[in-house]
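The values are calculated or read from the model by the stated rules, or taken from the named source; none is laboratory data. The structure presented is a predicted model; accordingly, all values stated were derived computationally and were not measured. Neighbour counts run over all protein chains shown; Cβ positions are idealised from the backbone, glycine included.
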Amino acid sequence: MPKYRRPIQPGGTFFLTLVTHERRRLFDEELARTHLRHAIAAARGDRPFELVASVLLPDHLHLIVQLPAGDADFSLRVSAIKARFTRAYLGAGGTETSQSRSRDHQRHRGVWQKRFWEHLVRDENDLIDCIEYVHYNPVKHGLTTCPHAWEWSSFGRFVEKGHYPRQWCCACDGTPEASTHSPRSIRPTTSPSTLTLAERTRCTTAIIAARSRVFESA
């Protein structure tokens, strides 16, 4: 059977998903969140990349990263984040899940899933879809009713830069705000949140202002 080959695009933009081992709710812990933040910062210092958007959930995280011109090695950066986090978190007293003999033999730790998921962002519209998916993700998973209410994402930074109104897809009063911009339905079509299908249909996405500057540094 042919082996899977990850996309290669020097200077490309990638949507990355990293998941904890056995979907453990690791990032409910402040200790884990702190060490992950430090691990990402250290990885950016060693091998620079632009963190376009991000969201951290209890058992996984999504990152949208842009690599420097001529550089296509996002896998190295993911490995560095995982390794730095694992060493620091376990060294600070964090715990890991039990795992199979096979994983032990391969010297994996019970912190992350072995692999990760990536998507090469094709164009500007694809980028906007990915950013909006990232910022809506906590609502999709039923962790909050509004993107602005979720502390661990880049949504607040996008609001500060004028790319979103603060009440984008907000349901604080029970009714999500419908954008006055050109409508485009939110990508997630199923959600355990309080939003009904009809309400989510009304919750259309805002057009991100200054699209040409969406890659500005974090």
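I'd like to know if region 43-56 contains one or more residues that are closer than 26 Å to HIS163 by Cβ, of a type in the set (S, T, N, Q) and at pLDDT below 95. No. Tallying residues that are touching a residue at least 24 places away in the same chain (Cβ under 8 Å) and over 17 Å from HIS60 (Cβ atoms) within region 29-43 yields 4. If the condition is being of a type in the set (A, V, I, L, M, F, W, C) and in a loop (DSSP other than H, G, I, E, B), then region 6-37 contributes only ILE8. Taken over region 111-137, the residue count meeting the criterion of being loosely packed, with under 14 Cβ neighbours inside 10 Å and free of Cβ contacts under 8 Å to residues at least 24 places away in the same chain is 5.
Would you check if there is a residue in region 159-166 being surrounded by 13 or more Cβ atoms within 10 Å (Cβ to Cβ), modelled with pLDDT under 85 and among the aliphatic types (A, V, I, L, M)?
No, because not a single residue in region 159-166 is surrounded by 13 or more Cβ atoms within 10 Å (Cβ to Cβ), modelled with pLDDT under 85 and among the aliphatic types (A, V, I, L, M).
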